[in-house]
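Accompanying notes for the structure given below.
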Amino acid sequence: QVQLVDSGGGLVQLGGSLRLSCAASGSISVFETMGWYRQAPGKQRDVVAGITRRGNTNYADSVKGRFTISRDNAKDTVYLQMNSLKPEDTAVYYCNGRLRWTTTDIWGQGTQVTVSS
């Protein structure tokens, strides 16, 4: 089964940028959709952005215009470029992939993003 490995988190100041990476152990073509979720302490895990096999994207209202999700099929990697970061973006970010023709989700291990003011 394909595994996902998240990376790229860190500590950044208000207004800064980070790029998260989600590397798959196999082909990402097995996923119908891939996305990024985040979970802040004491809160539920919420979707941040998603991208389909055809490259269609969608974003949570709170990150529209600041975050960009993309995929590199040749590298079997999905990225989340995060600009103009705010303290409220602080959370653990998880990569997700929904396997084609199933309701099975594969999750990365998560990467911490902390935005200081």
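Of all residues in the stretch 69-83, those being within 10 Å of the chain's Cα centre (by Cα), within 13 Å of Met34 (Cα to Cα) and of a type in the set (S, T, N, Q) number 1. Checking each residue in the stretch 84-99 for being more than 15 Å from Gln39 (Cα to Cα), open to solvent by less than 60 Å² (accessible area, probe 1.4 Å) and not in a strand (DSSP E or B) picks out only Leu85. Flag: Gly15 matches the condition of being open to solvent by 40 Å² or more (accessible area, probe 1.4 Å), more than 20 Å from Gln109 (Cβ to Cβ) and either among the charged types (D, E, K, R) or not in a strand (DSSP E or B) (or both). Considering the stretch 60-77, the residues that are in a strand (DSSP E or B) and touching a Gly at 6+ places or on another chain (Cβ under 8 Å) include one that is surrounded by the most Cβ atoms within 10 Å (Cβ to Cβ), namely Ile69. For the stretch 105-115, the condition of being touching a Lys or Arg at 6+ places or on another chain (Cβ under 9 Å), in a strand (DSSP E or B) and surrounded by fewer than 19 Cβ atoms within 10 Å (Cβ to Cβ) holds for at least one residue.
Would you tally the residues in the stretch 39-57 being open to solvent by less than 40 Å² (accessible area, probe 1.4 Å) and either assigned to a strand (DSSP E or B) or among the acidic types (Asp, Glu) (or both)?
Count: 5.
Between Ser117, Ser21, Ser27, Ser62, which is within 14 Å of the chain's Cα centre (by Cα) and hydroxyl-bearing (Ser, Thr, Tyr)? Don't jump to the end; show me each part of the working.
Values: Ser117 fails: within 14 Å of the chain's Cα centre (by Cα); Ser27 fails: within 14 Å of the chain's Cα centre (by Cα); Ser62 fails: within 14 Å of the chain's Cα centre (by Cα).
Exactly one of Ser117, Ser21, Ser27, Ser62 is within 14 Å of the chain's Cα centre (by Cα) and hydroxyl-bearing (Ser, Thr, Tyr), namely Ser21.
The residues of the stretch 18-38 that are of a type outside the set (Gly, Ala, Ser) and surrounded by fewer than 16 Cβ atoms within 10 Å (Cβ to Cβ), listed by number, are Arg19, Glu32. Applying a threshold of 8 Å to beta carbon distances and a minimum spacing of six or more residues, or different chains, the list of pairs starting in the stretch 32-55 at a residue that is of a type in the set (Asp, Glu) and ending at one that is open to solvent by less than 70 Å² (accessible area, probe 1.4 Å) and assigned to a loop (DSSP other than H, G, I, E, B) reads Glu32/Arg100; Asp46/Ala60.
The values are calculated or read from the model by the stated rules, or taken from the named source; none is laboratory data. Bear in mind the structure is a predicted one, so any value in this text is a computation, not a measurement. Backbone-built Cβ (ideal geometry, glycine too); neighbour counts: all protein chains shown. For the accessible areas, the whole protein counts, side chains as well, though only heavy atoms, and no ligand, DNA or RNA atoms are used. Shrake-Rupley method; radii C 1.70, N 1.55, O 1.52, S 1.80 Å.
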